[in-house]
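The values are calculated or read from the model by the stated rules, or taken from the named source; none is laboratory data. If you're wondering where the values come from, they're calculated on a predicted model, not measured in any experiment. Cβ sites come from the backbone with ideal geometry, for glycine too, and all protein chains shown count toward neighbours. When the accessible area is computed, the model is the full protein with side chains, heavy atoms only, and any ligands, DNA or RNA have been set aside. Shrake-Rupley method; radii C 1.70, N 1.55, O 1.52, S 1.80 Å.
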Amino acid sequence: MTIVTVGIDLAKNVFAVHGVDETGKPALVRPSVARGKLLEMIAKLPPCLIGMEACSGAHHWAREFEKFGHTARLMAPKFVVPYRLSGKRGKNDAADAAAICEAVTRPNMRFVPIKSLEQQGHLLVHRARQGFVEQRTATINRIRGLLSEFGVVLPQKAAVVRREALHRLEDLPGWINTVIGDLLSEVSRLDERVTQYDQHIATLAKADLATQRLMQLPGVGPTTATALVSTIGNGHDFKSGRQLSAWLGLVPGQYSSGGKQRLGHITKAGDPYLRSLLVLGARAVLVAAKNKTDSVSKWAMSLAERRGYWRAIVAIAAKNARMCWAVLNRGDAFCLPT
């Protein structure tokens with residue numbers, strides 16, 4: 001029988017492959033396939049449906065498999081777990097491949113959109129920039145921690161730490177002066193790298209029409225716009241803006257039963273980087289709303305007065321996510337450049 005569905009458990013060097021025929025019976029079971037042999041084996045198969053978990057390298061393999069005429073689908077690992085076919089207990093690569101093969105055929109399965117090479121390249125810019133920001137924060141915290149060992153306790157604000165540490169540098173003796181001076185130099189170097197990558201992101205934003213449309217929304221700048229376009233593309237994988245907000249974790253978790261609705265804190269699911277960018281943009285919108293009289297600003301201020309600051313921030317972020325989906329999915333006229 002012809003193989004119609006294949007599940008692949010991805011890894012660094014050794015992969016597990018499980019294929020079934022039209023009747024659902026295993027027709028290709030390879031618990032151990034070397035990395036260099038995987039493409040060769042897949043190329044020999046007739047066009048079929050290939051399922052994989054969305055993990056490191058998954059988008060690369062999906063693009064490679066589609067070159068041979070296959071249909072590649074990526075799934076979140078948590079959606080594959082219920083289909084694991086290793087018996088009542090235990091887990092191994094072969095069982096994971098069989099579970100993936102089963103899960104990819106489910107009619108209600110949710111798939112991860114396959115990113116293009118350009119999208120992944122743009123995301124690399126964001127990942128590198130975020131890494132430099134985290135290194136800078138860690139270095140500043142290290143300066144605070146080391147100085148506190150000698151009775152110099154500085155506040156958490158980064159600008160104050162820079163200023164006070166530099167001001168006290170000449171009074172620090174011996175190796176203390178050397179170490180703190182080197183750390184301050186490292187902070188300056190990281191500042192330059194972050195600024196450089198901000199320029200890269202600005203260049204990406206100028207070159208993309210969808211990004212320019214998103215930037216017309218309040219609270220959406222070049223960083224948020226380029227990150228959204230690189231992550232979700234045109235947004236066609238979401239049925240509505242509300243679904244995008246739920247995917248980002250900007251909706252309350254439900255614990256409802258017996259006809260009683262119980263809503264908790266936001267779920268914080270999905271991409272934490274995108275969610276943090278939208279929340280930062282929402283904070284800027286709420287700050288600027290104090291001096292504006294448009295309908296959105298009035299709504300934001302009244303919401304903050306009624307429900308509190310942070311609930312208003314989350315509501316604004318969720319609203320921005322819905323508006324971003326509308327721009328990417330439909331290209332709404334009110335967001336088109338004039």
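Of note:
- For GLU149: the one exception among (1) over 29 Å from THR71 (Cα atoms); (2) under 31 Å from the mean Cα position of the chain (by Cα); (3) surrounded by fewer than 14 Cβ atoms within 10 Å (Cβ to Cβ): (2)
- Pairs where the first residue, in the range 180-195, is closer than 19 Å to LEU154 by Cα and the second is open to solvent by 20 Å² or more (accessible area, probe 1.4 Å) and not hydrophobic (A, V, I, L, M, F, W, C), C-beta under 7 Å, 6+ apart: LEU183/ARG142; VAL187/ARG136; VAL187/ARG162
- Test for ARG127: is it part of a helix (DSSP H, G or I) and closer than 30 Å to PHE15 by Cα: yes
- Elements of type strands (runs of 3 or more DSSP E) contained in the range 1-43, each with 2 or more residues being closer than 20 Å to HIS59 by Cβ: 3-9, 14-21
- Subset tally (residues that are surrounded by 10 or more Cβ atoms within 10 Å (Cβ to Cβ) and either modelled with pLDDT of 95 or more or part of a helix (DSSP H, G or I) (or both)) for the range 161-181: 13
- For the range 27-38, the candidate set comprises residues that are of a type in the set (A, V, I, L, M) and out of contact with any Asp or Glu (no Cβ under 6 Å at 6 or more places or on another chain); within that set, the residue that is most open to solvent (accessible area, probe 1.4 Å) is VAL29.
- Residue within the range 222-231 that is aliphatic (A, V, I, L, M) and under 19 Å from ALA300 (Cβ atoms) present: no
- In the range 42-68, the residues that are of a type in the set (Lys, Arg) and touching a Ser or Thr at 6+ places or on another chain (Cβ under 9 Å): ARG63
- Taken over the range 43-61, residues that are farther than 14 Å from ILE100 by Cα, open to solvent by 20 Å² or more (accessible area, probe 1.4 Å) and in contact with a strand residue (DSSP E or B) (Cβ under 8 Å, 6 or more places away or on another chain) amount to 4.
- Residues satisfying the stated conditions in the range 62-86, i.e. open to solvent by 50 Å² or more (accessible area, probe 1.4 Å), within 23 Å of ALA269 (Cα to Cα) and part of a helix (DSSP H, G or I): PRO77, LYS78, PHE79, VAL81, PRO82, TYR83
- Selected residue (criterion: nearest to the chain's Cα centre (by Cα)) from residues of the range 49-68 that are modelled with pLDDT of 95 or more, more than 12 Å from VAL112 (Cβ to Cβ) and of a type outside the set (Lys, Arg): HIS60
- Within the range 91-124, considering residues that are touching a His at 6+ places or on another chain (Cβ under 8 Å), assigned to a helix (DSSP H, G or I) and farther than 16 Å from LEU49 by Cβ, the one modelled with the highest pLDDT: GLN120
- Matching residues, the range 206-239, being more than 20 Å from PRO272 (Cβ to Cβ), assigned to a helix (DSSP H, G or I) and either open to solvent by less than 20 Å² (accessible area, probe 1.4 Å) or in contact with a Ser or Thr (Cβ under 6 Å, 6 or more places away or on another chain) (or both): THR211
- Here GLN261 meets each of (1) in contact (Cβ under 8 Å) with a residue 24 or more places away in the chain; (2) farther than 29 Å from ILE201 by Cα with one exception, condition (1).
- Sole residue being in contact with a Phe, Trp or Tyr (Cβ under 9 Å, 6 or more places away or on another chain), small (Gly, Ala, Ser) and farther than 11 Å from ILE100 by Cβ, chosen from ALA27, ALA11, ALA34: ALA34
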